[in-house]
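Following: one structure in structure tokens, then a few remarks.
The values are calculated or read from the model by the stated rules, or taken from the named source; none is laboratory data. No experiment lies behind these values; they were computed from the predicted model shown. Please note: Cβ atoms are built from the backbone with ideal geometry, for glycine as well, and neighbour counts cover all protein chains shown.
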Amino acid sequence: MRLQEFDFHLPSHLIAQHPADPRDQARLLVYNRQTGEITHSTVADIGSFLPAGTVLTVNNSKVRQGRLYGVVGSKKVEVLVLEKERDNTYHCLIRGRNIPIGSRFSFAPAPLSAELLEKTDSPGITTYLLRFHTELPTVEEAFARFGHTPIPPYITAPVTSADEYQTVYARPLGSAAAPTAGLHFTTGLIAGLKAAGFGWEEITLHVGIGTFLPLRKERVEDNTLHSESTFIPPETADRLTAALHQNRPILAVGTTSIRTLESHFSSNRINPGWLSTQLFIYPGYAFHTANLLLTNFHLPRSSLLLLLAAFLGNSAENTGPVRAETEMIAELHRIYSEAIRLRYRFYSFGDAMLVQ
């Protein structure tokens with residue numbers, strides 16, 4: 001497959017600059033894999049499109065206020081904190097060139113500084129290992145108080161509150177970007193779904209460059225993703241495994257949730273604990289866990305778009321791909337063309353799509 005097969009033109013006015021208000025009033029495009037039918041609704045009504053007893057599985061990772069502005073000597077730099085390596089030491093991206101090992105960073109007026117320990121070059125990107133120093137009790141407290149929300153570059157409007165780019169159920173801190181399908185849920189919607197008999201399970205994938213870094217190689221199969229940390233608690237893994245064995249439908253809320261589920265699946269169960277995943281899903285992949293997928297509308301040529309195409313081609317019963325790769329891609333373009341025609345809002349703050 002060629003990456004160019006996953007390209008499309010999106011008018012810039014369809015890139016959402018703010019989330020829906022309230023969140024669950026985002027539009028919802030519902031796609032039925034068996035019939036090919038497209039239905040239009042809102043996220044608030046998602047329960048009416050789910051089979052009875054469906055288990056919603058969400059990524060509860062919390063976004064770190066990890067965009068920092070500082071200087072190295074007289075040079076201005078922008079740092080994006082990606083992932084914690086050990087105490088006070090983090091993998092980062094740096095906007096700024098020719099910064100040598102040993103350089104010292106100041107983030108004044110914040111009581112925060114850092115030194116560059118290592119550089120790691122990989123295709124298309126360089127990551128940096130920084131050791132931070134602060135007068136505050138912890139470095140994470142310094143990030144929370146003085147860091148900025150790491151919104152994507154295509155969102156040019158100011159974020160009025162850090163909570164805009166955070167799910168209402170976010171708990172463990174560690175993401176450099178939001179698991180955006182979950183942004184649509186309100187506390188009221190969640191309570192209503194639980195009261196209606198739907199299950200609710202929380203798992204974790206700390207979103208990093210494995211999710212949002214662009215694919216570089218034109219031949220799809222030649223690409224790899226950077227590793228990201230995932231976690232499923234033992235009791236959650238047991239309940240999800242029971243759902244699989246009882247044929248209860250599982251709805252993965254977001255591409256990060258389905259990658260976590262698939263990464264933890266082996267020997268006919270979902271396994272608990274921490275796991276580092278580089279799972280890259282593209283057409284031809286056979287899913288084992290989720291029967292439904294809720295996701296936003298994605299960037300062209302992205303790994304997230306390829307995952308969606310793969311899911312479109314699988315059966316709802318997870319018996320493997322039931323469409324040829326060319327059919328999956330054609331159906332993806334048909335759905336996205338319809339969304340663009342009807343002016344659905346795209347990307348992180350945009351509308352949602354439910355694949356049945």
Across the stretch 31-48, which residue is surrounded by the most Cβ atoms within 10 Å (Cβ to Cβ) among those that are free of Cβ contacts under 8 Å to residues at least 24 places away in the same chain and over 18 Å from THR167 (Cα atoms)?
-> SER41
Across the stretch 107-121, which residue is modelled with the highest pLDDT among those that are surrounded by fewer than 12 Cβ atoms within 10 Å (Cβ to Cβ) and closer than 26 Å to PHE212 by Cβ?
-> THR120
With the checklist (1) farther than 23 Å from SER257 by Cα; (2) in contact (Cβ under 8 Å) with a residue 60 or more places away in the chain in hand, flag the one item PHE105 doesn't pass.
-> (2)
For the stretch 101-201, which fully contained strands (runs of 3 or more DSSP E) count at least 2 residues that are in the same structural domain as THR54 (by TED's automatic domain parsing)?
-> 173-175
Can you tell me which of ALA142, ALA181, ALA157 is in contact with a helix residue (DSSP H, G or I) (Cβ under 9 Å, 6 or more places away or on another chain) and of a type in the set (Gly, Ala, Ser)?
-> ALA181
Of the conditions (1) surrounded by fewer than 21 Cβ atoms within 10 Å (Cβ to Cβ); (2) under 21 Å from the mean Cα position of the chain (by Cα); (3) farther than 17 Å from LEU307 by Cβ, the single one that THR204 does not satisfy is (1)
Counting only residues that are in contact (Cβ under 8 Å) with a residue 24 or more places away in the chain, in a loop (DSSP other than H, G, I, E, B) and of a type outside the set (S, T, N, Q), which one in the stretch 10-30 is surrounded by the fewest Cβ atoms within 10 Å (Cβ to Cβ)?
-> PRO11
(1) assigned by TED's automatic domain parsing to the domain that holds TYR128; (2) assigned to a loop (DSSP other than H, G, I, E, B); (3) of a type in the set (Lys, Arg): which one isn't true of ARG33, the others all being true?
-> (1)
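Yes/no per residue for (1) free of Cβ contacts under 8 Å to residues at least 24 places away in the same chain; (2) within 22 Å of ALA252 (Cβ to Cβ); (3) surrounded by fewer than 15 Cβ atoms within 10 Å (Cβ to Cβ):
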| site | (1), (2), (3) |
| --- | --- |
| LEU136 | no, no, no |
| GLU140 | no, no, no |
| GLY147 | no, no, no |
| PRO152 | no, yes, no |
| SER161 | yes, no, yes |
| GLU164 | no, no, no |
| ALA177 | no, yes, no |
| THR187 | yes, yes, yes |
| ALA196 | no, yes, yes |
Within the stretch 82-100, considering residues that are part of a strand (DSSP E or B) and either more than 23 Å from HIS206 (Cβ to Cβ) or basic (Lys, Arg) (or both), the one modelled with the lowest pLDDT | ARG95
Positions within the stretch 311-339 being crowded, with 16+ Cβ neighbours inside 10 Å and under 25 Å from ALA44 (Cα atoms), in sequence order | PHE311, LEU312, ALA316, LEU332, ILE335, TYR336, ALA339
Evaluate the following for GLY273: is it surrounded by fewer than 17 Cβ atoms within 10 Å (Cβ to Cβ) and modelled with pLDDT under 95?
-> no
(1) touching an Asp or Glu at 6+ places or on another chain (Cβ under 7 Å); (2) at pLDDT below 95; (3) aromatic (Phe, Trp, Tyr) all hold for TYR169 apart from (2)
Report yes if some residue within the stretch 79-101 is of a type in the set (Phe, Trp, Tyr) and either under 30 Å from THR42 (Cα atoms) or more than 24 Å from the chain's Cα centre (by Cα) (or both); otherwise report no.
-> no
